[in-house]
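Following: one structure in structure tokens, then a few remarks.
Nothing in this text is a laboratory measurement; each read-out follows from the coordinates by a stated rule. Everything quoted here is computed from the prediction, not taken from an experiment. Ideal geometry is used to build each Cβ from the backbone, glycine not excepted, and the neighbour counts take in all protein chains shown.
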Amino acid sequence: MDRSPRVADVRDVAPVLRRALLGWFDREKRTLPWRETHDPYRIWVSEVMLQQTTFSAVSPRFAPFLDRFPDVGSLASATEDDVLAAWSGLGYYARARNLRLAARRIVGEHRGLIPRDPAALERLPGFGSYMASAVASLAFGARVPAAEANVDRVLARVFALPGVAGSGKLRERVLARAATLLPARRPGDLTAALMDLGQTICRPRRPLCPACPIEPHCAARRRGDPERFPRQRPKRSPVRLSLAAAVVQRSGRVLLVRRRSTWLDGLWEFPSAEGASVAAARRRLARRIGELGLELESGAPVGTARHSVVDRRIEISIFRARRGRRETGATGPDARWFLPRELDGAAVPTLTRKIAVAGLRPGCG
């Protein structure tokens, strides 16, 4: 049975919670490169970058991305390769593709102006309910609740809400309470305050309850174990696998092929293959590069690296390869020879960069 406070009960404490949160925010809000603006484009880009990516990873990438694409029009007119290159290293590349697609829709259907209406925003590629509400609230001052993981955690603890982190049921309960908290003025600041509080004080582990401005009103704190809220999903055991990658060099250039899959689709990578062991991955790699008219050189790996993606733990072995008798597939739209220095500005994932560091001959390119 759901014994959490009803929305009607929340209204009783909403005024004091609002005052405490906004007062704390005015004193303690974080200085963020996207915070001192109401430009919806900058706020939108920041929210997309922050999806499933830490603040520390996003902060140094935000300004360079905006230097390259300073407005909706420049993003809409860019090629997918250009956007992916600017996004390189942030991961979850579908976000970058949707960012560009949404920009094209905004130019084509909204005269280049980002809509103010959350319903219109939600119809754009990559938005969804949270993104639409966050942009409408933070950029346009719309009185609509927006909840991400930090807001979920803060309000789940304040109101002792049942539910599993990341679940739709918990999100519904959080949004209902958040809607009652939003003031008529500064609704975006209240949403930002909840986000900041979850990031800096109401942390997943070891929350700093004595420093929390709403600690006297926190039901989870009164119960003595705020870390119980929200309930966490069991962690999946990591999947370990081997990846064999081939480094082929010619006239100071290295061969990369365009990936065609749901994961990292369209980005450039060294020819590679996965397997349950290094030997199995190497055998699959030999077959794959044979289709390109290439062959592996004999001998041990010339380099190794490690990479983690969600629950995948990848051990990378790097092998030299050379042209075979017939180089049949090492040219064309899905194969390209890069100077090593060109990789810095190319649409390549972090995995490709790690292989380049570990496997290229010093001084090449």
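Miscellaneous remarks
- Taking the C-alpha atoms only, the angle from helix 149-158 to the longest principal axis of the chain is near 30 degrees.
- Proximal charge balance of Arg258 [Cβ under 11 Å; K/R count +1, D/E count -1]: -1
- GNM flexibility winner over the chain from Ala273, Ala220, Ala184 (Cα, springs under 10 Å): Ala184
- GNM on the chain, alpha-carbon springs under 10 angstrom: the most fluctuating residue among Pro145, Pro333, Pro226 is Pro333.
- Each residue in Asp196, Asp82, Asp311 was given a count of other beta-carbon atoms within 10 angstrom of its own, and listing them fewest first yields Asp311, Asp82, Asp196.
- At 0.692 mPa s and 37 °C, Stokes D of the range 7-228 from Kirkwood alpha-carbon radius, µm² per second: 181
- Pair Val357, Ala165: separation of 7 Å Cα→Cβ label points (nm): 2.8
- Each of Tyr41, Tyr92 has some number of other Cβ atoms within 10 Å of its Cβ, and from fewest to most they run Tyr92, Tyr41.
- Once the Cα atoms are used to define both axes, helix 40-50 deviates from the longest principal axis of the chain by about 70 degrees.
- Peptides 208-216, 284-292 ordered by average Cβ neighbours within 10 Å, highest first: 284-292, 208-216
- Nearest-0.05 FRET efficiency for Ala120 and Ser77, computed from C-beta distance (R0 22 Å): 0.50
- Spatial extent of the range 241-359: Rg and Dmax, with the Cα atoms as the point set, Å: 13.2, 40
- Mean separation of Cα pairs under 8 Å and 6 or more residues apart, divided by the residue count, gives the range 7-228 a relative contact order of 23 percent.
- Segment Arg231-Glu295, extension gain: residue separation times 0.36 nm, minus the distance between their alpha carbons: 17.9 nm
- Between the helical axis of 94-110 and the longest alpha-carbon principal axis of the chain there is an angle of about 70 degrees.
- Extension reserve of the Ala63-Gln51 stretch, reckoned as 0.36 nm per residue once the Cα distance is removed: 2.6 nm
- Net length available on complete extension from Leu339 to Ala94 is 85.5 nm, with 0.36 nm assigned per residue and the Cα-Cα distance removed.
- Approximate spin-label separation Asp9-Leu208, in nm, with each point projected 7 Å along Cα-to-Cβ: 3.0
- Estimated FRET transfer efficiency when R0 is 25 angstrom, pair Thr200-His38 (beta carbons, to 0.05): 0.65
- Phi-derived couplings, Karplus 6.51 cos²θ - 1.76 cosθ + 1.60 at θ = phi - 60°, listed residue by residue for the range 236-246: 6, 5, x, 9, 9, 8, 9, 10, 9, 10, 10 Hz, with x used for Gly and Pro.
- Modelled label reach - Arg322, point 7 Å along Cα→Cβ, the range 273-288 residues with backbone N closer than 12 Å: none
- Per residue, the average separation of C-alpha pairs within less than 8 Å and at least 6 apart gives the range 9-86 a relative contact order of 22 percent.
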